[in-house]
Each structure stands twice: as structure tokens, then as C-alpha cells.
Amino acid sequence: MGALPENEAKPVAAEIMHTVDTADLKGIAKVDIDDVIDYVHQGLERLPDPMSLYSLYLKQRWNVDDLDFSQDRRDWNERISEAEKQSFLAIASGFHHGERQVEVDLVPFMLGGTDEEKVFITSQLEDEARHTVFFDRFYKQVVGLEGETIMDVLDGSWQHVSETFSGAFGLLAYLGDALKRDPEDPSLRVRFATNYMLWIEGVLALSVQKITLGYCRKRGILPAYYTGFNATTRDESRHVQFGLKILHTAVHEDPRLVKDVHDVLRTLLRMNGAVSRTVTYEPLGWDREGVRALFASQLKRKVHAIGVELSPDLQAMVAKMEPEMAGG
Amino acid sequence: MQQYDFFTQQWAEQAKAFINQGHTAEYKATKLQTYWDWIDRVSANYSGTLALGVTHLPDGPGLETAFIHLTFANGQVTGARAVSAQEAFTAEFVLQGKYKEWHTLMNGFEIGKGIMYRKLRLEKGDVLEFFNRIFFFVEALACLPKVPTHFPETAA
Ligand SMILES: [Fe+2]
Ligand SMILES: [Fe+2]
């Protein structure tokens with residue numbers, strides 16, 4: 001599995017895109033994760049308005065209660081090696097916590113949006129809550145973690161998450177606090193959206209989805225995880241398009257805001273150099289170079305989509321990115 | 001062992017000593033060297049001020065506050081003082097939390113996770129500048145539970 005070509009979406013058959021667009025939960029179980037990622041990137045060329053994305057949400061939302069994890073539990077116990085489990089947990093646990101963090105930290109961004117943006121964000125909040133519940137069930141019913149509350153289960157998977165996870169996600173919490181004090185401030189909104197939608201959802205999430213879902217599909221295992229996480233990826237495509245549209249509009253209305261995009265990326269890339277533990281990707285079929293290239297191409301695509309160029313110092317930082325971000 | 005009242009001048013001096021002493025080799029071995037190298041690079045160039053604030057101290061109606069003002073020069077603490085709120089807010093960064101959250105952190109709750117969960121909040125300072133040095137601050141604060149502390153709720 002190599003990296004995607006940079007800054008250009010591979011031509012996709014309209015039929016496949018139609019399938020991704022309209023599939024219900026049973027249908028999405030059969031869709032290739034690479035096609036869902038192409039679907040995300042196709043949307044970046046149009047950047048639909050918030051009400052169109054809201055309509056898409058009404059059509060695409062799925063019911064987490066429809067997932068049955070019993071086959072996943074058998075696969076986990078019988079068909080997955082210890083090394084694969086460790087790699088899988090190192091990556092998936094970042095998602096378990098990431099979904100929870102983006103759920104609780106989205107609210108300040110809603111406060112200063114237009115009415116249409118507020119409507120869309122209510123749908124995104126519901127998505128993120130459902131993603132949090134999805135991971136909670138996966139960890140309880142498949143991995144076997146115990147806990148009465150969502151936080152109990154999160155505490156149980158924290159051991160698999162790198163300490164440096166709290167870099168990008170602590171930044172999100174604090175940028176959210178700054179936004180709460182002045183929800184309409186354009187610079188604070190751009191900073192927040194760059195961290196949340198461009199970096200966490202657009203770079204980290206999509207890369208991790210490609211790695212873990214590609215692994216499940218190739219091995220033919222964890223069907224409920226595959227189904228729910230593939231549907232999650234499609235949800236993320238709306239979130240990323242929504243955020244990038246806001247960034248695109250903001251930097252075109254006021255080009256000085258490009259500096260905020262750059263400053264946030266600079267801080268995120270700087271934190272990325274502090275690797276406190278290594279994530280082993282090989283059991284899932286990836287090597288470090290492949291993951292690094294995947295992150296870099298995802299980042300360049302998203303930055304390109306909002307009409308911003310990376311400054312030379314940022315380009316140099318991207319070239320040296322560590323592939324540990326998936327775990328945090 | 002002598003205990004120091006939480007967030008007093010004597011406690012601040014102990015905090016300074018423990019931060020400057022740094023972590024044990026045993027603790028450092030739990031994280032990769034690349035992480036400590038990053039912190040060393042950041043701290044070598046860091047001179048500035050950080051104030052820590054605690055609110056809702058248990059004695060009284062629940063709004064009592066206390067502040068510690070730390071001065072860093074090239075990553076070392078060169079000054080540590082118990083100060084007023086007004087003076088605390090002259091620092092470049094003010095990190096503040098309720099007493100019950102501090103108590104959790106002082107009992108070993110992971111500092112980085114505590115920041116992510118907003119147990120402490122950045123009440124003053126540029127968020128990006130703070131996060132450019134985040135793991136340096138996290139590991140400095142992770143030295144604070146080593147101070148033998150007498151907490152107000154256990155006061156005789
Ligand atoms: Fe999500
Ligand atoms: Fe999302």
C-alpha cells in the first residue's frame with residue numbers, strides 16, 4: 001500500500017462515488033475504504049455549503065445499535081496475533097480518545113457560526129457522539145475492557161495511547177477555551193478549524209482510517225468494526241469539507257489569516273517531533289516511510305484545498321514528520 | 001518528614017528545587033529518548049515566566065485563591081514566589097485550576113491528560129506559544145507531586 005498521489009484526486013468512477021454517497025449500513029460494509037477516502041477528496045474540490053452537508057447528513061446517518069460485534073469478538077480472540085493486537089490498539093485507542101475529545105470540544109466553534117453553520121454543527125455533534133459510542137462498544141464487546149461509564153472504558157484504553165496525544169488534543173481544548181471568550185473572532189476560528197478539521201480530522205483521522213480499515217479488509221476480519229468505522233469515515237468527509245470550506249472562505253476574505261493556519265501547523269508539527277513511544281505499523285502491513293508519506297500527502301491535499309501554500313519552513317517540517325501521529 | 005503548606009512561599013521554594021532536579025532515570029526510561037531530547041531543545045532556549053493559580057481552596061466560602069510565580073532562565077527555575085493574583089497575571093502564562101483538580105494532579109493524575117481534560121486552564125498567554133513548549137511544561141509540573149505537601153483540607 002503506497003501513498004496517494006499528492007494534490008490530485010485519482011479519477012473515480014461516478015458509479016463508485018454514487019455507491020459511497022447513498023449506501024446504507026449494509027452497503028457501506030462492502031465498500032472499499034480507499035473508495036471512501038477518494039469520496040472525501042472528491043468533495044474537497046466542491047466544498048459544499050453547510051446546508052447541503054446537513055442534507056447529506058440526514059441521508060447518511062446510521063444507527064450504531066444496528067451493529068452486531070459478535071463476529072468481531074471471535075475474530076479478536078481467534079484470528080489476530082498478539083503483535084497485530086498491540087499495533088491495532090496503539091492506533092485505534094488514539095481514535096477512541098480522539099472521538100471523545102472532538103465531541104466535547106466542538107461546542108465553542110458552534111457559538112460564533114452563522115445559523116447555517118450552527119445547524120450543520122448540531123449534526124456533527126451527533127456524529128461525534130455516535131462515533132464515541134461506537135468505540136465504547138468496540139472496546140467493551142470486542143477487546144473486552146470493563147467499565148460502567150464511557151470514561152471508565154476510556155481510562156482502560158489510555159495505556160495504549162502515547163503521552164504526546166495530549167499535544168494536539170490539549171491544544172484543541174485550549175483553542176476552544178480561547179474561542180469561548182470570543183466566539184466570533186476570525187483569527188481564533190481559523191486557528192480552531194485548522195487544528196480540528198484540517199489536522200485532526202483531515203490528516204490524523206483519515207490516515208488512521210486507511211491503515212486500520214485496509215488491514216481489516218485485507219484480512220477479512222472485524223466486520224462490525226469495518227462497517228461502523230467505514231461509515232464513520234464517510235461522516236468525517238462531511239466534517240472535513242465543512243471545516244475546509246470555512247477556512248477557504250476565511251483566508252480569501254482576509255489573507256492575513258493565512259498566518260493563523262501556518263502558525264497552528266507550525267505548533268502541531270513542532271509537537272510531532274516529541275515522540276514518547278514508537279508505534280509499530282508493520283503487523284498492519286505498513287512501514288514507517290509509507291505512513292510518513294501518507295500523512296504528508298493528506299496534509300498537502302487539505303492545505304491545497306483551502307487555497308493556501310505551505311511556507312518553506314513548514315515544507316521542511318513536513319518532510320521530517322514522524323509517523324507516530326496516529327497514536328497521538 | 002517536613003510537609004509544606006500547599007501554594008505557600010516555602011512550598012514554592014520546594015517546587016523550584018524539585019523542578020530543577022528533574023526526573024529520575026527510572027521515570028525517564030518510561031518514555032523514548034526522542035521525547036527528552038525535544039524537551040532539552042525547548043528548555044535550553046526558554047526564559048520566561050509562568051504563574052500557577054489555584055482557586056476554590058477548601059477553607060472558607062470556596063473562592064479563595066493562591067498563586068505561585070515561577071521565573072525560568074534557560075529552562076531552570078531561577079525564582080519562585082507566592083504572589084497575589086494581580087502579580088501572578090504579570091506572568092507570560094497563567095495556568096489555573098480549582099483546588100480539587102490540583103489535588104487530583106498532585107496525586108499523580110497524568111499532567112498532559114489533565115491539561116487536555118481542562119483540569120488546568122490557560123487563563124493568560126498565547127496558546128500556540130504555550131504548546132510550542134508543552135512537554136517541557138508538562139514534565140516540569142510532573143515534578144510537583146514530589147513536594148511533601150500538606151493540603152488545606154487535612155489542616156488540623
Ligand atoms: Fe468522528
Ligand atoms: Fe469528525
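The values are calculated or read from the model by the stated rules, or taken from the named source; none is laboratory data. Predicted, not measured: the structure shown is a model, and the values here were computed from it. Virtual Cβ from ideal backbone geometry, glycine too; neighbours counted across all protein chains shown. Surface areas here come from the heavy atoms of the whole protein model, side chains and all, with no ligands, DNA or RNA. Shrake-Rupley method; radii C 1.70, N 1.55, O 1.52, S 1.80 Å.
Using a 1.4 Å probe and counting only protein heavy atoms, how much accessible surface gets buried when B and A come together, both sides summed, in Å² to the nearest 100?
2600
With the cut-off at 1.5 for a/c, could you classify segment A:141-251 from its C-alpha gyration tensor as rounded, prolate or oblate?
Oblate is the answer for segment A:141-251, as a/c is 1.5 or above yet b/c matches or exceeds a/b.
Take every Cα pair under 8 Å in segment B:4-146 that's 6+ residues apart, average their separations, divide by the length, and report that relative contact order as a whole percent.
Relative CO of segment B:4-146 lands at 26 percent.
Within 10 Å, Cβ to Cβ, of residue A:220, how many net charges do the neighbouring residues add up to if Lys/Arg are +1 and Asp/Glu are -1?
+3
Counting each DSSP H run of 4 or more residues in the protein assembly as shown as -39500 (n - 2.57), what helix-only mean residue ellipticity at 222 nm follows after dividing by all residues, to the nearest 500 deg cm²/dmol?
Result for the protein assembly as shown, helices only: -17500 deg cm²/dmol.
Highest GNM mean-square fluctuation, chain B, Cα pairs closer than 10 Å: which of B:24, B:78, B:104?
B:24
What FRET efficiency comes out for the pair residue B:73/residue B:37, r = Cβ-Cβ distance, R0 = 30 Å, nearest 0.05? Don't jump to the answer; show the numbers that get you there.
Working: r = 21 Å, r/R0 = 0.69.
Between residue B:73 and residue B:37 the formula returns 0.90.
Counting only heavy atoms of the protein chains, get the accessible area per residue of the protein assembly as shown (1.4 Å probe) and round it to a whole Å² value. Don't jump to the answer; show the numbers that get you there.
Values: 19130 Å² over 484 residues.
For the protein assembly as shown, the solvent-accessible area averages 40 Å² per residue.
Relative contact order of chain A, please, whole-number percent, based on alpha carbon pairs below 8 angstrom and at least 6 residues apart.
Relative CO of chain A lands at 31 percent.
Give me the log10 of I(q) over I(0) for segment A:230-328 at q = 0.19, 0.22 Å⁻¹, as the Debye formula computes it from C-alpha points; what are the numbers?
Debye output, listed in q order: -1.06, -1.24.
Which entries in the list A:118/A:245; A:85/A:140; A:245/A:302; A:320/B:28; A:218/A:300 go over 19 Å, if you measure between the two C-alpha atoms of each?
A:320/B:28; A:218/A:300
Calculate the FRET efficiency for residue B:65 and residue B:17 from the Cβ-Cβ distance with a Förster distance of 25 Å, rounded to the nearest 0.05.
Result of the calculation: an efficiency of 0.55.
DSSP beta bridges in chain B, what fraction antiparallel, as a percent rounded to 5?
Among the beta bridges of chain B, antiparallel pairing accounts for roughly 70 percent.
Between segment A:237-304 and segment B:1-63, how many Å separate their Cα centres?
32
Given Cα pairs under 8 Å that are at least 6 residues apart, what percent is the relative contact order of segment B:76-156?
32
At 7 Å along the Cα-to-beta-carbon direction for both residue A:63 and residue A:77, put a label point, then send me their distance in nm to one decimal.
Using points 7 Å along Cα→Cβ, the separation is 2.8 nm.
For segment B:4-146, what mean projected area does the convex hull of the alpha carbons give, in nm²?
Here the figure is 8.1 nm², rounded to one decimal.
Quick one: among A:228, A:290, A:202, which has the greatest mean-square fluctuation in a GNM of chain A with alpha-carbon springs under 10 angstrom?
Taking springs between Cα atoms under 10 Å, the residue moving most is A:290.
Quick one: with all protein chains in place, what share of the accessible area of segment A:90-190 is carbon or sulfur, to the nearest percent (1.4 Å probe)?
52
Taking 10 °C and 1.306 mPa s as the conditions, I'd like the Stokes-Einstein D for segment A:14-327 in µm²/s, using the Kirkwood hydrodynamic radius from alpha carbon pairs. Show your work: numbers first, answer last.
Working: Rh = 19.6 Å.
Rounded to a whole number, D works out at 81 µm²/s.
Testing the spin-label approximation: label points 7 Å from Cα along Cα→Cβ at residue A:182 and residue B:49. State their distance in nm.
Label at residue A:182, label at residue B:49, 2.2 nm between them.
Which residues, if any, in segment B:32-47 lose at least 10 square angstrom of accessible heavy-atom surface (probe 1.4 Å) when the other protein chains sit next to their chain rather than the chain being alone?
Hits at the 10 Å² cut-off: B:32, B:34, B:35, B:38.
Say each of residue B:9 and residue B:129 gets a label point 7 Å from the Cα, pointing the same way as Cα to Cβ; how far apart are those two points in nm?
With each label placed 7 Å out from Cα toward Cβ, I get 2.9 nm.
Determine, from the Cβ-Cβ distance of residue A:289 and residue A:315 and an R0 of 22 Å, the FRET efficiency 1/(1 + (r/R0)^6), rounded to the nearest 0.05.
Values: r = 18 Å, r/R0 = 0.81.
The value I calculate is 0.80.
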